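Nothing in this text is a laboratory measurement; each read-out follows from the coordinates by a stated rule. These figures come from a predicted structure and were not determined experimentally. Cβ coordinates were reconstructed from backbone atoms using ideal geometry, including for glycine residues, and neighbour counts include every protein chain displayed.
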Amino acid sequence: MIGSRIANLVMNFAGRVFFKPILYTAVGVSMLFEGYQLFGPAEDSLGFMRRNLAQRVCAKAVDELPRRNGIPSIAVLDLAGDTQGLVTNLLRDRIAATGEFHLMEEPFFRKLLREFGKDGAPITKLADAVATAREIGVDMIIFGEIPEFAARQDSAALKLELRMAERASGQAILARSYFESMGGGGLASSYWRARIADSSKGRRIFIWVAFTLLLPLVSLPLIRRLLSEDSNLINLALLLAYTIVDMLFALLLTGFWIPTVWSAGILILALAASGYYNYRIAAMVDQLTR
């Protein structure tokens, strides 16, 4: 019995002196590392802005494509002005992901274009696009051009002129213009919001949980000092301050943007959890100091 008590005392002491500090340090270092990966300077910021603009434009365009019964075959011609093929490839990937079209496989598509002498020559005229659709045997074909696609330190913009033609009728069934930009005084905020939104949700959740857990622990001397005042008003202000800091940090990790009701619900739950946790820490410290 005595040996068991001694063992428990030794384990509790070792936990306080060795294990807990090591654990807190490991969590803190991991949080700082992940935070640097999220907020640290990006080597390819201009490339990121171009990709982000392209993703946003392609998402809008694919959502607005006319749907047909069944799964019609479709081909996406190289867009004029898309020198690196970024927008064209994203458009193809988005269309394939919908499952509502049968996208002609790239190797076979390229082979057919070479046979008809049209590989590497973007098409912008309706008649030429319809003729190509009939030659390669697809129900619908997408073509168009990119009049503007630039990313600089002070601005970024993408304009896409997109058209969709039907082989059977020979008519255009979609002709729309899409435009996305980042620029002016809001470039920095737009860039960071896009970068955060594009990052891993798991990484952001881990950073927030680690921050929320460690904040009151690393500031225990401050908590003890304020609780020693034995003032209900100070205690309430302390609890609110820690919870507000947690909430502001959570908003920072969303880019100060709440896109859906689901996101708002998660933030409310996070606020409740951080408030309860901070209250428990303060109550524990208060008991230990009495």
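Once the C-beta distance of residue 150 and residue 244 is scaled by a Förster radius of 45 Å, the resulting FRET efficiency is 0.65 to the nearest 0.05. Between residue 135 and residue 171, the modelled labels are 2.5 nm apart [label points 7 Å from Cα along Cα→Cβ].
I need the Debye-formula profile for segment 198-290: one equal scatterer per C-alpha, no solvent, reported as log10 I(q)/I(0) at q = 0.15, 0.16, 0.18 1/Å, two decimals. The computed values of log10 I(q)/I(0) come out as -0.60, -0.67, -0.80. Ranked by how many other Cβ atoms sit within 10 Å of their own Cβ, fewest first, the residues 257, 208 fall in the order 257, 208.
The amide H of residue 119, built 1.01 Å from its N in the peptide plane, has 114 as neighbours under 5 Å, considering only residues 5 or more places off or on other chains. Give 118/159; 111/159; 60/125 a once-over and call out the pairs whose C-alpha atoms are over 27 Å from each other. Exceeds cut-off: 111/159.
The simple spin-label model puts a point 7 Å past each Cα toward its Cβ; for residue 258 and residue 127 those points are separated by 5.7 nm. Remark: the residue 200-residue 119 segment gains 25.4 nm on full extension, using 0.36 nm per residue and subtracting the alpha carbon distance. Residue exposure proxy: 32, 91, 112, ordered by other Cβ atoms within 10 angstrom of their Cβ from fewest to most, comes out as 32, 112, 91.
With the charge dipole of segment 200-289 set up from +1 on Lys and Arg Cβ and -1 on Asp and Glu Cβ about the Cα centre, the Cα lying farthest toward the positive end among the listed residues 269, 247, 206 is that of 206. Cβ crowding within 10 Å ranks 256, 143 as 256, 143, fewest other Cβ atoms first. Between segment 118-140 and segment 51-88, what is the separation of their alpha carbon centroids in Å? Between the Cα centre of segment 118-140 and that of segment 51-88, the gap is 15 Å.
3J(HN,Hα) along segment 242-257, derived from phi through the Karplus expression 6.51 cos²θ - 1.76 cosθ + 1.60 where θ = phi - 60°, amounts to 5, 5, 5, 4, 4, 5, 4, 5, 5, 5, 4, 6, 9, x, 6, 9 Hz, with x in place of Gly and Pro. From the backbone phi of segment 75-92, what are the Karplus-calculated ³J(HN,Hα) couplings (6.51 cos²θ - 1.76 cosθ + 1.60, θ = phi - 60°) in whole Hz, Gly and Pro given as x? Coupling constants for segment 75-92: 9, 10, 6, 4, 6, 5, x, 8, 4, 9, x, 5, 5, 4, 5, 5, 4, 4 Hz.
Under a 5 Å amide H cut-off, with hydrogens placed 1.01 Å from N, residue 82 pairs with 146 among residues at least 5 apart or on other chains. Converting phi to 3J(HN,Hα) with the Karplus coefficients 6.51, -1.76 and 1.60 and the offset θ = phi - 60°, segment 125-138 yields 9, 4, 4, 5, 5, 5, 4, 5, 4, 6, 5, 8, x, 10 Hz in sequence order, with x at every glycine or proline. Calculated FRET efficiency, residue 268 and residue 67, Cβ-Cβ r, R0 22 Å, to nearest 0.05? Given R0 = 22 Å and the Cβ-Cβ separation, E is 0.05. FRET efficiency for the residue 228 to residue 276 pair, using the beta carbon distance and R₀ = 22 Å, is estimated at 0.45.
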